[in-house]
Number of protein chains: 2
Amino acid sequence: MLQLSISDIKSQLQRAGFKMTPQREALVQVLIQHKTAHLSAEELFMLLKRSHPDIGLATVYRTLEILTQLTIVKKIVFEDGIARYDLKRKETGHFHHHLLCVKCGEIEEVFEDLLFDIEKKIETDYHFNIMDHRLTFHGVCKICQFAERDES
Amino acid sequence: MLQLSISDIKSQLQRAGFKMTPQREALVQVLIQHKTAHLSAEELFMLLKRSHPDIGLATVYRTLEILTQLTIVKKIVFEDGIARYDLKRKETGHFHHHLLCVKCGEIEEVFEDLLFDIEKKIETDYHFNIMDHRLTFHGVCKICQFAERDES
DNA sequence: TTTTGTGCAAAGTTTTTGCAATTTT
DNA sequence: AAAATTGCAAAAACTTTGCACAAAA
């Protein structure tokens, strides 16, 4: 089941006592349309203003906060300190990983569940009850590796 | 070789064209003393003021930036958006992992290199040249698990 | 009609920057 | 002496909050 339909998210909101509004719906739409883009609140706000010129940035932040609490969206902060928001893909059952290129800034996603065994080991060895994770590799992406080769 | 001596860091700074100052030395000392504490710039600043009442917060930020560039220190940002700074432990050859308790906020460190095989796989499958990583598990620590049990 | 949500502006946080004075090499 | 560094204050960048009005259930 893909966690990507508006009506599904609407019922999740309502079950939690929130109302569905045009602004919230629009934000979810934008998140769906740009689901691999790792957008910041400001970037989402800019995209939303196209269809909803009167929307406020505070509404974007408040809605993202709710969606994060409902685990519909995951907040991820890389070393630049800016919060980015990723729609969770329910189909995979775990949060995906990121490859962050230090040259061009591009973020590639890895959907394989690479951490299964490691999580088991951590739970056992450290008595830590894992609920979520963040795994990001910093390095040079394929395209930038080619660019580097051409430079020399 | 432990990356933890002042004189070693001093020569690294000088090799890169930076000067060693009392403020920088003091910051490194504090980082060594609190090497498992994951302190923010503000927290480091407070600790530094004890011995150097005149130190400025900007100096702390500027020095951390340099130490980060020289990979003496690693900057890590969790979902609260505050940058924290970890002295890199050269002995392990890789950056350690973190267990972040969602109940008490405690951060436990995992020094085992759990990612070796995964990094190999990523490098091959994605043609991504890995230079560094950030791996954090969110969950409930041992102590908070006991507290939860007692609550019910 | 009751409760929740919205936009705006103001305030709060964390981090960065300009600059004159000081310190290091 | 030359170059880099410092502290301070101001600015910048991102996020949160208070409030009166509006919209959803």
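The values are calculated or read from the model by the stated rules, or taken from the named source; none is laboratory data. Note that the structure is predicted; figures quoted are calculated from it, not measured. Quick reminder, even Gly has a Cβ in these numbers, built from the backbone with ideal geometry, and neighbours come from all protein chains shown. Just so you know, the surface numbers come from the protein's heavy atoms only, side chains and all, with ligands and any DNA or RNA stripped out. Shrake-Rupley method; radii C 1.70, N 1.55, O 1.52, S 1.80 Å.
The table below gives the values:
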| item | result |
| --- | --- |
| Local electrostatic count, B:HIS38, Cβ distance below 12 Å [Lys/Arg +1, Asp/Glu -1] | -2 |
| Principal axes of chain B: Cα extent on each, largest first, Å | 52, 46, 27 |
| Surface accessible to a 1.4 Å probe, B:SER7 within the full protein complex, Å² | 80 |
| Average other protein chain Cβ within 10 Å of Cβ, residues B:111-120 | 3 |
| Translational diffusion coefficient (Stokes-Einstein; Kirkwood radius from C-alpha pairs) of the protein assembly as shown at 20 °C, 1.002 mPa s, in µm²/s | 99 |
| Cα-based convex hull volume of segment A:94-152 per residue, rounded to whole Å³ | 97 |
| Options B:ALA83, B:ALA58, B:LEU135, ranked by Cα towards positive dipole end of chain B, top entry (Cβ charges) | B:ALA58 |
| Cα-centre dipole for chain A with unit charges at Cβ (Lys and Arg positive, Asp and Glu negative), debye to 20 | 760 |
| Centre separation in Å (Cα based) which lies between segment B:29-100 and segment A:107-152 | 23 |
| Assigned charges on the beta-carbon of Lys, Arg, Asp, Glu; segment B:94-152 dipole about Cα centre (debye) | 120 |
| Label-reachable residues, segment A:110-133, where backbone N falls under 15 Å from a point 7 Å from B:ASP117's Cα toward its Cβ | A:113-122 |
| Average beta carbon contacts from partner chains per residue of A:71-78, 10 Å cutoff | 2 |
| Links that overshoot a 18 Å alpha carbon limit, given the list A:LYS10/A:LYS88; A:LYS121/B:LYS103; A:LYS120/B:LYS142; A:LYS35/A:LYS88; A:LYS142/B:LYS120; A:LYS35/A:LYS74 | A:LYS121/B:LYS103 |
| Positive minus negative residues near B:VAL140 (Lys, Arg vs Asp, Glu; Cβ under 9 Å) | +1 |
